[in-house]
1. Subtract the Cα-Cα distance of residue 181 and residue 277 from 0.36 nm times their separation in residues, and report this length gain in nm to one decimal.
2. Just the number please: accessible area per residue for the range 66-133, 1.4 Å probe, all protein chains included, in Å².
3. Can you pull the one-decimal nm distance between simple spin-label points at residue 23 and residue 306, each 7 Å off the Cα toward Cβ?
4. Could you work out how far apart the two model spin labels at residue 291 and residue 41 are, taking each label as a point 7 Å from the Cα in the direction of the beta carbon, and quote it in nm?
5. How large is the charge dipole for the range 142-323, taken about the Cα centre, if only the Cβ atoms of Lys, Arg (+1) and Asp, Glu (-1) carry charge, to the nearest 20 debye?
6. Could you tell me which chymotrypsin sites (Phe, Trp or Tyr not before Pro) in the range 209-274 are loop residues by DSSP with no more than 13 other beta carbons within 10 angstrom of their beta carbon?
7. Can you give me the accessible area per residue for the range 142-323, using a 1.4 Å probe, in Å²?
8. For residue 284 and residue 160, compute 0.36 nm times the residue count separating them, minus their Cα-Cα distance, and round to one decimal in nm.
Amino acid sequence: MSEEKIARDIETRKVQKLGSSSLFITLPKKWINKWSIKPGDKVILEALDDGSLRLIAEKAKSNAGKKTILVDADSLKQPLINIIPCLYILGFDEIVFETKKDFTKKDFEDVLYISKHLVGAEVVENSEKKIKLECLLDTEKVGVESLLRRILNIISKRIDEVSKFLTNFNTTHQIGITNNDDLRKIYLMLLRRIIGNKYQSSSTEYYRNSFILLNISILTNIDYIVSKISELRGNFDVSPSQTDTLKSIFTSINDVLDEIVMSVLFPSVKRISNGFNLISQIRQNLLKIKDSLPSSFNLYLEDLVNLLENALNNSMCGIFLEDLPWIEKDLTA
């Protein structure tokens with residue numbers, strides 16, 4: 001596996017004299033072949049402050065910023081369907097698989113299948129020896145806040161549906177998994193947006209993105225637990241008073257999710273404090289109905305609340321990235 005964009009070949013070239021005052025060096029053969037440089041072609045010379053000289057083939061300008069990887073499929077020990085999402089997350093715009101053998105029909109089918117589950121990914125070349133994908137989505141134009149809000153909306157909608165389902169005996173509505181594909185697509189988009197970022201960010205943004213990565217993993221686990229809770233509906237009866245308590249619990253869960261997402265984006269002491277107060281209320285309500293609910297249901301809810309608390313703790317760390325006057329400065333720095 002080789003990453004064409006960052007691969008570095010270092011050579012030493014001797015400076016030679018041409019005429020009475022001009023100096024020259026020859027160009028590396030690999031570089032000439034890669035960019036198909038021919039006599040008369042133009043190159044761009046950029047003198048940098050550190051004394052280095054940057055040489056750019058004019059033909060390469062159209063590929064500026066493109067992140068490409070060439071993968072020897074014969075050396076892989078994992079199927080392509082497992083490899084492609086990883087390369088997508090790492091921010092590659094062009095993913096090329098080559099083989100000395102022939103790709104199988106299943107290889108083609110797997111690549112086509114997974115490309116449909118990655119926003120912006122498209123198979124542009126498909127032959128016996130080569131498969132090429134292009135990721136046309138410029139995630140730099142997609143805001144982290146927008147993606148997080150979309151994840152929050154999907155999970156919140158599921159929680160609302162589960163709440164209605166659990167507290168309504170007459171409903172025949174079943175909680176489906178139709179939003180799972182959408183959630184995973186946006187989840188992978190957000191990973192690509194943060195991990196595959198082509199531009200160096202500030203230390204504050206780096207740490208905040210780290211907390212976001214931790215929390216989106218927790219959020220997807222919360223969504224899974226909520227879906228499992230819905231499957232237990234037929235295993236117990238709920239009294240009118242318990243129904244009101246359950247509704248209050250799920251409403252508070254959604255409110256905590258909102259505080260988790262918004263406080264990691266816009267650090268707020270007030271939001272964090274409100275989030276922990278809501279978690280405390282959820283636990284108090286759980287104690288009221290714990291004895292009348294199946295143990296499996298209680299375990300799921302306890303796991304869910306613990307995940308909420310962990311995520312809120314992650315979001316709280318963002319407060320200390322801000323230059324707030326009441327925070328004691330780190331004197332060890």
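The values are calculated or read from the model by the stated rules, or taken from the named source; none is laboratory data. Bear in mind the structure is a predicted one, so any value in this text is a computation, not a measurement. Neighbour counts are summed over all protein chains in view; Cβ atoms, including those assigned to glycine, are modelled from backbone coordinates with ideal geometry. Remember, those area values only see protein heavy atoms, side chains included, never the ligands or the DNA or RNA. Shrake-Rupley method; radii C 1.70, N 1.55, O 1.52, S 1.80 Å.
1. On the way: separation 96, 0.36 × 96 = 34.56 nm, distance 3.28 nm.
My answer for the length gained is 31.3 nm.
2. Details: 3530 Å² over 68 residues.
With the other protein chains kept in place, the range 66-133 gives 52 Å² per residue.
3. Result for the modelled spin labels: 6.7 nm.
4. A separation of 8.2 nm, rounded to one decimal place.
5. Numbers: 19 positive and 19 negative charges, 75 e Å.
It works out to roughly 360 debye.
6. Values: sites: 211, 224, 236, 250; in loops: 236.
Sparse-neighbourhood loop chymotrypsin sites (Phe, Trp or Tyr not before Pro): 236.
7. Numbers: 8930 Å² over 182 residues.
Accessible surface, normalised per residue, equals 49 Å².
8. 42.6 nm
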